[in-house]
Amino acid sequence: MVSVLRGLWWVCGLWLFALPVHALDLRLPDFGDPAGQYLGPSEEARLGADVLRRIRDRGKVIDDVQLSEYLNSIGQRIATHASGGHPYTFYWIDSGQVNAFAAPGGYIGIHTGLLRVTRNEAELAGVIAHETAHVAQRHIVRRFADSRQQLLSVAAALLASAALAAASGEAGQAAIATTLASSAQQRLNFTRSHEQEADRVGQRLLEQAGFDPDGMVTFFAHLARTAGDTGSQIPDYLRTHPRPVTRMADLSGRRTDTVETYASSQAYYFAKARARVLTTANTQRLINQFRDTLASGDYDSEPAQRYGYALSLHRAGRYAEATEQIERLLRQQPELLALQIEQAELALSAGDGQRAWRLFERIHQSYPDSFIVAMHYGRALISAGEPDRALELLEPQLKRRPHELNLYELYAQAAQQAGRWLITHAAMAEYHYLNGNLEQAIEQAERGLRRGEQGDSHKRAQLQARLRQLQQLQDRL
């Protein structure tokens, strides 16, 4: 009887706490016993940051500033209309899988494979809206709460079945199987209801943000066609997610009769091209593909295809050809920032530093507050051995964007190159704090106070105060 009970508690724990992890084979953080407590906002934020840190540590987060800014522009535009007042962090994951997910604390990961298969901006926004709805509706916390409510009743039923099994063999085994099947079905129904709610709320967010509300419907239809709806033989009530055709029918019934025309932004097509270049290993094949597509005319955006072609040539070290393509685009759209930055980056790669600095300075004067410009120009200055100029350029951005992890990393690189150890370690302390590693943040702050120059009493006092804040936060955990 004891061995039977032990086995049942193991099965019960497996049923209750196993969460599907699909795409990346990541060692996600231990979420603890969901029956023990509800997640508060601070716990949610800590867990979400830990998920992101672990993905980043695996080298799977794409920290390209232009792609990140595009994703955040879409995500924050949608999140503005979400309930609950949650902060949101959107990030790209370098994966060819068509996937996206929401982690606790408003951390939403979008796979580049999903961007690749979307056909317009509304389809991409539809997925982002769906994941935002999961956060806004607190589905993760509600799932934990549901587990807590079911734990005692399921355990009691399993114990009763175990007693019956000890006494009557097959009848008890049948009772155990029935109890587990019923419990599993409850969990699937709960998750399925969350997906349906996220679809409905997400569609509303999509429309409120000014995107085509049919974006979700057309994306599901596209997935069903391209995948052949391979799960069509599995009954809806046993699926964690409703079938695409089911979701299409549900969402189509909620559309308004208003007929509007929606167009994808040029930034969407440029982001698709840029992501494709950054995530493709075979550069020569990519060059051939872009060249052939341009020759055939089979594209949605000729400028984006040519931009991708230029980026591919740049990666291959064919700077003159890449510059020719960028300058051709600039003659058509001289104000486009992505093209201006690529022109300057190409000059730098080709060894024409004088031209590169002239171009970067002109861009900076035109866009003095641009975060994208500051990151590209700052990195170029560091590579050229001009750390003091880089620090001067990046410091105002620390006030405007105090939660930008990559900004602190770049600022620390410039400070280290300049031999300014106190602000090097202060910046790295913020980097590790934002990356969810409080222990490393404290260590960096302590090292800065030990190693840092003595002359700047104001910055030393700031770092001492920050260290106390970090230590107090650690004590509360």
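A straight chain from Ser83 to Glu439 at 0.36 nm per residue would run longer than the Cα-Cα distance by 124.9 nm. The slack in the chain from Asp300 to Arg358, taken as 0.36 nm per residue of separation less the alpha-carbon distance, amounts to 17.5 nm. Given their separation in residues at 0.36 nm each and the Cα-Cα distance between them, Lys459 and Gln474 gain 3.2 nm when the chain is fully extended.
Projected label points at Ala263 and Asn288, each 7 Å from Cα along the beta carbon direction, are separated by 3.5 nanometres. The listed peptides 383-390, 401-408, ordered by packing as a protection proxy, come out as 401-408, 383-390 (highest mean of other Cβ atoms within 10 Å first). Ordering of 103-111, 442-450, 391-399, 289-297 by packing is 103-111, 442-450, 391-399, 289-297, highest average first (other Cβ atoms within 10 Å, averaged per residue).
Overall, the stretch 300-456 carries a charge dipole of about 200 debye about its Cα centre when +1 sits on the Cβ of Lys and Arg and -1 on the Cβ of Asp and Glu, all other atoms neutral.
Values quoted throughout were computed directly from the atomic coordinates according to the rules given, and no laboratory measurement underlies them. All values reported here derive from a predicted model rather than from experimental measurement. Virtual Cβ from ideal backbone geometry, glycine too; neighbours counted across all protein chains shown.
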